[in-house]
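So the structure is just underneath, and the comments pick up after that.
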Amino acid sequence: MVTSTSAGTAATFPKEALDREAERLEKALRGVGWSRWECALIAPLTLEIARLKRERNAVILAHSYQTPDIVYGVADFRGDSLGLSIAARDTDADVIVFCGVRFMAETAKILSPAKTVLLPAVDAGCSLSESITAGDVRRLRREHPDAAVVCYVNTDAAVKAECDCCVTSANAVEVVEKLPAKKIVFLPDRHMAANLKTMTSKTIIPYHGTCMVHDQFTLEKALAWKSKHPQARMLVHTETHPDVVKLADLAGGTSDMVDYVKRSDAREFMLVTECGLSDRMRVEFPGKTFVGTCALCPHMKRTGLDKVLQVLEAPRPDQAIEIPEDVRVRALRAVERMLELTGKGKGERTAAPGREA
């Protein structure tokens, strides 16, 4: 028997259960270099998290940029932030544990006000969401009274509440095209706004925010990568500078990249985005090669299995996401407007547990 001890509980698991769990983890994680010994080390943690998840009636969400031990060790859903929030909304869970950053957990709370939403790493922020405030949005409205205000999902609840509509990296063009306004204030990412400007006849008025990860990718780096790997398909996140996006075989969000690799006959890919997605791709597409064209987000790496365990055992008040109801309701309108325009209504279930969301 092996005992797993942490802040609030001590659970004992039979050796046979630990061996089975280590085997399960190794099958999932060997593609990213995890050994059986390393999987055995975390097996008591993942088993205890699974036990507490059942006990609390919780669902665990993992953004694709999270580390593989979270994505494949404990998560019920993996994917992008909005898809995860919708998937959690459509479960009967009482508790949502969001392994991601703060604005993502806020989006889950916007969609699931009756559920407890927990953020294991309270210091996990986002340079994009922190680049703009609700006051900035109100100022932009005054400066551009004839424009619709559209916010990227990478914004906090207070900002969403001031916007007419929300978008994701995958649906931004569709939503902007379907809005009746001819002028669009697009925030907060200036690169995404610049990329959007080339894809629509609407007048796009940008803000100045950037992602600290995607802002690192320059034309010089991209050209060097393409020179070194001429046969590789280059997949670029639309938070990246337009000069890099122009070189891409695909420009989109994380879900777009997963779908592209899944459908493509190509064998080699460059993922110009956060490194967590490369790890995920190596696990899910072991017959394909992903070259090192990524960058790390320090905020996405703040969540560890120890923090997931702690937040399930004894969540602190600062780990529970709370949004004033008037702000939540107005933010929900912006999200629901997006879902209406893209034909994804309130009741659509997006994924089954353990799958892409």
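The values are calculated or read from the model by the stated rules, or taken from the named source; none is laboratory data. Please read all numbers here as calculations on a predicted model, not as lab measurements. We place every Cβ from the backbone using ideal geometry, glycine too, and count neighbours over all the protein chains shown.
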Residue tally, condition out of contact with any Phe, Trp or Tyr (no Cβ under 6 Å at 6 or more places or on another chain) and either over 18 Å from Ser278 (Cα atoms) or part of a helix (DSSP H, G or I) (or both), over the range 217-253: 18
State the number of residues belonging to the range 77-122 that are more than 21 Å from Ala331 (Cα to Cα) and modelled with pLDDT under 95. 1
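Output yes when any residue across the range 84-92 is in contact with a His (Cβ under 8 Å, 6 or more places away or on another chain) and within 20 Å of Asp259 (Cα to Cα), and no when none is.
yes
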Here, helices (runs of 4 or more DSSP H) confined to the range 124-216 with at least 3 residues that are closer than 24 Å to Met257 by Cβ are 172-178, 190-197
Can you pull out the residues in the range 1-40 that are exposed (fewer than 14 other Cβ atoms within 10 Å of the Cβ), at pLDDT below 95 and among the polar types (S, T, N, Q)? Thr3, Thr5, Thr12
Buried (at least 18 other Cβ atoms within 10 Å of the Cβ), in contact with a Phe, Trp or Tyr (Cβ under 9 Å, 6 or more places away or on another chain), under 21 Å from Ala170 (Cβ atoms) and of a type in the set (Ser, Thr, Tyr) - does that describe any residue in the range 258-269? no
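Quick grid of which residues meet (1) over 26 Å from Arg89 (Cβ atoms); (2) in the same structural domain as Ala314 (by TED's automatic domain parsing); (3) of a type in the set (A, V, I, L, M, F, W, C); (4) touching a helix residue (DSSP H, G or I) at 6+ places or on another chain (Cβ under 9 Å):
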residue: Leu119; (1), (2), (3), (4): no, yes, yes, yes
residue: Ala147; (1), (2), (3), (4): yes, no, yes, yes
residue: Tyr152; (1), (2), (3), (4): no, no, no, yes
residue: Ala157; (1), (2), (3), (4): no, no, yes, yes
residue: Val176; (1), (2), (3), (4): no, no, yes, yes
residue: Leu179; (1), (2), (3), (4): no, no, yes, yes
residue: Lys183; (1), (2), (3), (4): yes, no, no, no
residue: Asn195; (1), (2), (3), (4): yes, no, no, yes
Checked Pro120, Pro68, Pro113 against criteria (touching a residue at least 12 places away in the same chain (Cβ under 8 Å), surrounded by fewer than 18 Cβ atoms within 10 Å (Cβ to Cβ) and over 30 Å from Thr203 (Cβ atoms)); the one match is Pro113
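Would you confirm, using the coordinates I've provided, whether Phe103 is buried (at least 21 other Cβ atoms within 10 Å of the Cβ), in the same structural domain as Glu313 (by TED's automatic domain parsing) and aromatic (Phe, Trp, Tyr)? Spell out how you get there, then give the answer.
Numbers: buried (at least 21 other Cβ atoms within 10 Å of the Cβ): yes; in the same structural domain as Glu313 (by TED's automatic domain parsing): yes; aromatic (Phe, Trp, Tyr): yes.
Yes: the conditions hold for Phe103.
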Considering only residues that are in contact (Cβ under 8 Å) with a residue 40 or more places away in the chain, crowded, with 23+ Cβ neighbours inside 10 Å and over 22 Å from Gly83 (Cβ atoms), which ones fall in the range 151-190? Glu162, Val185
Just the residues that are in the same structural domain as Asp256 (by TED's automatic domain parsing) and part of a helix (DSSP H, G or I), please, taken from the range 274-313. Cys275, Gly276, Leu277, Ser278, Asp279, Arg280, Met281, Arg282, Val283, Glu284
Qualifying positions in the range 296-318 - within 18 Å of the chain's Cα centre (by Cα) and among the polar types (S, T, N, Q): Thr303
